[in-house]
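The values are calculated or read from the model by the stated rules, or taken from the named source; none is laboratory data. Just so we're clear, the structure is a prediction, and the values are computed from it rather than from any experiment. Here the Cβ positions follow ideal geometry from the backbone for every residue, glycine too, while neighbour counts run over all protein chains shown. SASA here: full protein model, heavy atoms, side chains in, ligands and nucleic acids out. Shrake-Rupley method; radii C 1.70, N 1.55, O 1.52, S 1.80 Å.
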Amino acid sequence: MPRPIVASISLSALQHNLAVARAHAPGAKVWGVVKANGYGHGLERVMRGFAAADGLALVEPNYAVRLRELGWTKPVLLLEGFFDADDLPVLARHDIQFAVHCEEQITLLEAYAGEANWHVHLKMNSGMNRLGFQPDVFRAAYARLQKIAGVRSITMMTHFANADDAGNPALPLKEQVRRFQAATEGLAGARSLCNSAADLMHGELAHDWIRPGVMLYGGTPGGGTAADFGLRAAMTLESRIIGVQDVQPGEAVGYGSRFVADKPMRLGVVACGYADGYPRHAPTGTPILVDGVKTTTVGRVSMDMLEVDLTAIPGAGVGSHVELWGQGLPIDEVAFSAGTIGYELMCALAPRVAVREVE
């Protein structure tokens, strides 16, 4: 029999969140971002959950091909583009679109001798300083792409660093927008700017395409809670209490004896640990639900177990239901307590955790 830990994935929540993304940008088409195995939710599963999207975007060429094998016929976009010349015939064969963000990629496209109908997404580095052409050389890159016989369209794109913190003094959102608009003025082609945060909080920047990611899974990119934006959790991680311990004042709990009780306590042992994807660095006090009642973790998270405070839940015991995050406990609340972000928790779900689909 399997351990009691299970991740439930709600297809209706995925569909709902996609509809929310579209509602914030009614004039734009939507790339549903499904990188990292659909943010840990499963590629095939999210492909069905986002059936209404106008296209799916990711970073892994092999998984882009997998989407075609699974039957996805709408556009597919590689957000980091291709990595090697050997990728190009595969992308041509499967009609996969891709970002172009550096001179080396353009050179490989210019040298490609096969037949192709490339739909290229030319990326500008408008200030985030990850991938993309600087604004002052963006037009030159655009002109080179225009001369390549296989290039059928050029979409212009950039990525915002602070859409959830528009006034960030190091890089205000409006400055990235200004740079992008100045460098693309008069150039023909679609525009793609908005990530989840921009879609939710700056819908006026939607242009032709939006690229929502974490919001589709019920997480928030910042600037408010998922509930504030009407989003639903797509992943609920659940387990059970498998043991109970009564500890007295002065007794320590867990590896390293980091937690020492200052009063009599009743503790529950949960079948979940860092080998399941729960953050090892989550401190004592991280929120958790037991039989629907919010309590907290106690002591250091182990590989296969963690402990929770049952002192104020006298009816709880072995077999009690535990929600680590999900429908009843926002993943971002858990992540915040652990000093990380909901994205990481979703993507860290371990292969040994059973997954089931729910409506």
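Can you name the residue in the stretch 246-291 that is under 25 Å from the mean Cα position of the chain (by Cα), among the hydrophobic types (A, V, I, L, M, F, W, C) and assigned to a loop (DSSP other than H, G, I, E, B) and is also surrounded by the most Cβ atoms within 10 Å (Cβ to Cβ) among such residues?
Among them, the one singled out is C272.
Across the stretch 322-359, what is the total count of residues that are of a type in the set (F, W, Y) and closer than 16 Å to S239 by Cβ?
Selection size over the stretch 322-359: 1.
Quick grid of which residues meet (1) out of contact with any Asp or Glu (no Cβ under 8 Å at 6 or more places or on another chain); (2) within 28 Å of F229 (Cα to Cα); (3) touching a residue at least 40 places away in the same chain (Cβ under 8 Å):
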{"residue": "T296", "(1), (2), (3)": "no, yes, no"}
{"residue": "S302", "(1), (2), (3)": "yes, no, yes"}
{"residue": "G319", "(1), (2), (3)": "yes, no, yes"}
{"residue": "G326", "(1), (2), (3)": "no, yes, yes"}
{"residue": "D332", "(1), (2), (3)": "yes, yes, yes"}
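Restricting to the stretch 108-127, what's the tally of residues that are of a type outside the set (K, R), outside any loop (DSSP other than H, G, I, E, B) and within 20 Å of A85 (Cα to Cα)?
9
Scanning the stretch 128-169 for residues that are polar (S, T, N, Q) and not in a loop (DSSP other than H, G, I, E, B), which turns out most open to solvent (accessible area, probe 1.4 Å)?
Q146
For the list (1) within 30 Å of P351 (Cβ to Cβ); (2) without any contact (Cβ under 8 Å) to a residue 24 or more places away in the chain, I need the number of the one condition that Q181 fails.
(1)
So that you can scan it fast, the table gives a plain yes or no per residue for (1) within 22 Å of Q105 (Cβ to Cβ); (2) in contact with a Gly (Cβ under 7 Å, 6 or more places away or on another chain):
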site: Q146; (1), (2): yes, no
site: M157; (1), (2): yes, no
site: D164; (1), (2): no, yes
site: G167; (1), (2): no, no
site: V177; (1), (2): no, no
site: E185; (1), (2): no, no
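From (1) crowded, with 19+ Cβ neighbours inside 10 Å; (2) in a helix (DSSP H, G or I); (3) out of contact with any helix residue (DSSP H, G or I) (no Cβ under 7 Å at 6 or more places or on another chain), pick out the condition that doesn't hold for E333.
Every listed condition holds for E333 apart from (1).
Whether any residue in the stretch 21-39 is among the basic types (K, R) and in contact with a Phe, Trp or Tyr (Cβ under 6 Å, 6 or more places away or on another chain) is what I want to check.
yes
Tell me which residues, restricted to the stretch 1-50, are modelled with pLDDT under 95 and acidic (D, E).
None; the set is empty.
Filter the stretch 66-107 for residues that are assigned to a loop (DSSP other than H, G, I, E, B) and of a type in the set (F, W, Y) and give the result.
Answer for the stretch 66-107, where residues must be assigned to a loop (DSSP other than H, G, I, E, B) and of a type in the set (F, W, Y): W72, F82, F83.
In the stretch 179-203, which residues are at pLDDT 95 or above and in a helix (DSSP H, G or I)?
R179, F180, Q181, A182, A183, T184, S196, A197, A198, D199, L200, M201
Are any of the residues in the stretch 210-225 hydroxyl-bearing (S, T, Y), touching a residue at least 24 places away in the same chain (Cβ under 8 Å) and open to solvent by 20 Å² or more (accessible area, probe 1.4 Å)?
yes
For the stretch 149-176, which positions are aliphatic (A, V, I, L, M) and free of Cβ contacts under 8 Å to residues at least 40 places away in the same chain?
Correct list: A149, I154, M156, A161, A166, A170, L173.
Given the structure, is D199 within 29 Å of G42 (Cα to Cα), touching a strand residue (DSSP E or B) at 6+ places or on another chain (Cβ under 7 Å), open to solvent by 40 Å² or more (accessible area, probe 1.4 Å) and not basic (K, R)?
For D199, the condition - within 29 Å of G42 (Cα to Cα), touching a strand residue (DSSP E or B) at 6+ places or on another chain (Cβ under 7 Å), open to solvent by 40 Å² or more (accessible area, probe 1.4 Å) and not basic (K, R) - is not met.
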